[in-house]
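Heads up: the structure comes next, in structure tokens.
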Amino acid sequence: MKKIFLILIILNFSCSKDKFHKEYYSNGNLALKITLDDKGIRNGPYEEYYESGELKVTGQLLNGEVKDSVFVYYPNGNIREKGFFKNGHRQNWQEIYNEKNKLLRREEYYELRDSAYLNQVIVYKANGKINHTKSSFFKLNIPDTIKLGKNKLTLNYYDNTTKSDYNFLNVIIENQYSEKEIKNDTFTDGTRNPFFGVYAYKEGKLLIKGKIEEKILKERLIGKDSAELEITDLYKYFEKEVYVKGKSNKK
């Protein structure tokens, strides 16, 4: 059994074609280690190190771009940040911690026009509760299964980071009514927990795609007796896959 085990180890090492690109600090410590495939392309695990020698970053590369899960560490070994990358940029939720492994904030990145768009931010207090004055996020009230036809859904919107005289929300949903008809429908009800409609025209999986538009209105004084209204639009995006089942709920 020992002889067979040794032969397997030798075969595994001899079949490996991985090479590495390495960079070093002036003190001789390893700074960077990147896996190269047999064509010299940066594919596979990569590692970054602090000048003092501790591990700083671990991740994966695909054709030279960062992909999948990435972990960033403090010199003491605790995680400083962890998140997900796709096409070389951040995507989905990232988490940031302090040196004692306490969660400080969560950030959601949405892929928009081939770049990472900061979509939501949740900041935490020392006691672990959400700091609403520094956070900007929403919660979708969408079940995993919806009915054929019209579905009335809601979301909860939390954002106290912007100061304004007036603001209101629109929810814009990309609804498909048939194989050929797709429309962007806009919904508003004057609240921070607006409803919106999703139309399901056939059974099966459905990807709900929407956009939250927040209009922020501020009055700016011009001289002593006049003012103008400034309007700023902020956007948040969401997607959720649901299953469409059952009879139409149209009467």
Looking only at region 120-143, which residues are crowded, with 17+ Cβ neighbours inside 10 Å and either among the β-branched types (Val, Ile, Thr) or in a strand (DSSP E or B) (or both)? Gln120, Ile122, Val123, Tyr124, Ser136, Phe137, Phe138, Ile142
Please find, within region 221-243, the residue that is farthest from Asn151 (Cα to Cα) out of those that are surrounded by 10 or more Cβ atoms within 10 Å (Cβ to Cβ) and more than 24 Å from the chain's Cα centre (by Cα). Ala227
Of (1) of a type in the set (Lys, Arg); (2) in the same structural domain as Leu61 (by TED's automatic domain parsing); (3) touching a Gly at 6+ places or on another chain (Cβ under 6 Å), Arg106 fails just (3)
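Does Lys205 count as basic (Lys, Arg), exposed (fewer than 12 other Cβ atoms within 10 Å of the Cβ), in the same structural domain as Leu140 (by TED's automatic domain parsing) and in a loop (DSSP other than H, G, I, E, B)?
Working: basic (Lys, Arg): yes; exposed (fewer than 12 other Cβ atoms within 10 Å of the Cβ): yes; in the same structural domain as Leu140 (by TED's automatic domain parsing): yes; in a loop (DSSP other than H, G, I, E, B): no.
When the stated conditions are applied, Lys205 does not pass them.
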Of (1) at pLDDT below 95; (2) in contact with a strand residue (DSSP E or B) (Cβ under 8 Å, 6 or more places away or on another chain); (3) surrounded by fewer than 16 Cβ atoms within 10 Å (Cβ to Cβ), Gln91 satisfies all except one. Which? (3)
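Suppose we filter region 164-185 for residues that are in contact (Cβ under 8 Å) with a residue 24 or more places away in the chain and exposed (fewer than 14 other Cβ atoms within 10 Å of the Cβ); how many remain? Before the answer, list the steps.
Filtering region 164-185 down to residues in contact (Cβ under 8 Å) with a residue 24 or more places away in the chain leaves 164-177.
Restricting the remaining residues to those that are exposed (fewer than 14 other Cβ atoms within 10 Å of the Cβ) gives 165-166, 177.
Total satisfying the criteria: 3.
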Which one of these does Asn156 not meet: (1) surrounded by 15 or more Cβ atoms within 10 Å (Cβ to Cβ); (2) within 30 Å of Leu229 (Cβ to Cβ); (3) not small (Gly, Ala, Ser)? (1)
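So which of Asn184, Asn167 is assigned by TED's automatic domain parsing to the domain that holds Phe238, of a type outside the set (Val, Ile, Thr) and under 17 Å from Ser136 (Cα atoms)? Steps first, please.
Working: Asn184 fails: under 17 Å from Ser136 (Cα atoms).
Every option except Asn167 fails the conditions.
Is it the case that Tyr117 is more than 28 Å from Gly77 (Cβ to Cβ) and surrounded by 15 or more Cβ atoms within 10 Å (Cβ to Cβ)?
Values: more than 28 Å from Gly77 (Cβ to Cβ): yes; surrounded by 15 or more Cβ atoms within 10 Å (Cβ to Cβ): yes.
Against the criterion (more than 28 Å from Gly77 (Cβ to Cβ) and surrounded by 15 or more Cβ atoms within 10 Å (Cβ to Cβ)), Tyr117 qualifies.
Determine whether Thr145 is β-branched (Val, Ile, Thr) and modelled with pLDDT under 95. Give the steps one after another, and end with the answer.
On the way: β-branched (Val, Ile, Thr): yes; modelled with pLDDT under 95: no.
Considered against the rule, which asks whether it is β-branched (Val, Ile, Thr) and modelled with pLDDT under 95, Thr145 comes out as no.
The values are calculated or read from the model by the stated rules, or taken from the named source; none is laboratory data. Bear in mind that the values here come from a model prediction, so they are computed numbers and not experimental data. Don't worry about glycine lacking a Cβ; one is built from the backbone with ideal geometry, like all the others, and counts go over all protein chains shown.
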